[in-house]
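Below you'll find the structure, written out as structure tokens, and then a few comments.
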Number of protein chains: 2
Amino acid sequence: MNDLDLGAFIKDHRKKADLTQLQLADLAGIGKTTVFDIEKNKETVRFNNLLAVLQVLNIKIEFKSPLTK
Amino acid sequence: MNDLDLGAFIKDHRKKADLTQLQLADLAGIGKTTVFDIEKNKETVRFNNLLAVLQVLNIKIEFKSPLTK
DNA sequence: CTAAAATTACTGCCCTAACAGTAATATTTA
DNA sequence: TAAATATTACTGTTAGGGCAGTAATTTTAG
């Protein structure tokens, strides 16, 4: 599917936002362990936690199919 | 963020693929209850389970930020 | 180099997502 | 219409994600 390294992508954006993992976790309202897991590409994280992180970093998520392309 | 109704979006694609929830669940390797939850927009589902469903339906996920736009 | 900060890693507990089974509705088909 | 199928809903059990706390390692700042 998307072989993008989402963890690295998020980490990069966090750095550019000048946030530590703990700060990002607090802003997203989740635990620091979860932020760490997400940046480590742990896919078993809950979708809402991932969304919370993306929202803080102003990253939008899009879904595309051959139908909607 | 994306105020798309992801559940309805997935359901629509499942219908177009002519799959029942149970068939989709089996193809994705997850339980039928989880498919039901996803179509009901339960955001606390695990990201990997959502990805499995998207993959079966040939839906790609993209992440966009003002930086990568 | 040294000190401070951040990241990575591990632990144990709690909570709940995931699941199969079942049943009640809803929808589709004959 | 009735029968078959699919969806929605609920339940009890189980596996593991989430979390704070802690500590070790790495990175950054002075």
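What follows is calculated from the coordinates using simple rules that are stated; it is not laboratory data. From a predicted model like this one, the values you see are computed outputs, not experimental measurements. Here Cβ is always computed from backbone atoms with ideal geometry, including for glycine, and neighbour counts include all displayed protein chains.
Any idea what the B:D18 label distances to the other copies are, label 7 Å down the Cα→Cβ vector, nm, shortest first?
5.8
Across peptide B:39-49, what mean number of C-beta atoms from other chains lies inside 10 Å of a residue's C-beta? List each step's numbers first, then the result.
On the way: counts 0, 0, 0, 2, 7, 4, 3, 7, 12, 5, 4.
The shielding value for this peptide is 4.
Could you calculate the FRET efficiency of A:E43 with B:L27 from 1/(1 + (r/R0)^6), where r is the beta carbon distance between them and R0 is 30 Å, rounded to 0.05?
Working: r = 18 Å, r/R0 = 0.60.
Efficiency, from the Cβ-Cβ distance: 0.95.
Averaged over its residues, how many other protein chain Cβ atoms are within 10 Å of peptide A:19-25's Cβ atoms?
Values: counts 0, 0, 0, 0, 0, 0, 0.
Partner-chain Cβ atoms within 10 Å, mean over residues of A:19-25: 0.
Skipping prolines and chain starts, which residues have an amide H placed within reach, meaning under 5 Å, of the one on A:I61, given they are 5 or more residues away or on another chain?
For A:I61, whose amide H was placed from the backbone, the distant partners under 5 Å are B:N2, B:K64.
For chain B, what are the per-bin percents of Cα-Cα distances with bins 10 Å wide, up to the bin holding the maximum?
Calculated over all Cα pairs of chain B, the distribution is 20, 56, 19, 6 percent.
Of B:G31, A:L22, B:V53, which is farthest towards the positive pole of the protein assembly as shown's charge dipole, taken about the Cα centre with +1 and -1 on the beta-carbons of Lys, Arg and Asp, Glu respectively?
Toward the positive end, the furthest listed residue is B:V53.
May I ask you to report, in nm to one decimal and beginning with the shortest, the distances from A:F36 to the same position in the other copies, taking label points 7 Å along Cα-to-Cβ?
3.7
So what's the protein assembly as shown giving for Rg/Rh, alpha carbon basis, Kirkwood Rh from the mean inverse pair distance? Each step should come with its number before you reach the end.
Numbers: Rg = 15.2 Å, Rh = 15.5 Å.
Using Cα coordinates only, the ratio equals 0.98.
Enter the Cα centre distance for the pair segment B:10-42 and segment A:1-34, rounded to the nearest angstrom.
A separation of 29 Å, based on Cα centres.
Out of residues 5 or more away from B:V45 or on other chains, whose amide H comes under 5 Å of its own, with H placed 1.01 Å from N in the peptide plane?
Here A:F47, A:N48 satisfy the definition.
Got a sec to turn the phi values of segment A:12-19 into Karplus ³J(HN,Hα) couplings, 6.51 cos²θ - 1.76 cosθ + 1.60 with θ = phi - 60°, whole Hz, x for Gly and Pro?
With the stated coefficients, segment A:12-19 comes to 4, 5, 5, 4, 5, 8, 6, 10 Hz.
Counting other C-beta atoms within 10 Å, which of B:L67, A:L24 has the fewest, and how do the rest follow?
Working: B:L67 11, A:L24 23.
Arranged by neighbour count, lowest to highest, B:L67, A:L24 become B:L67, A:L24.
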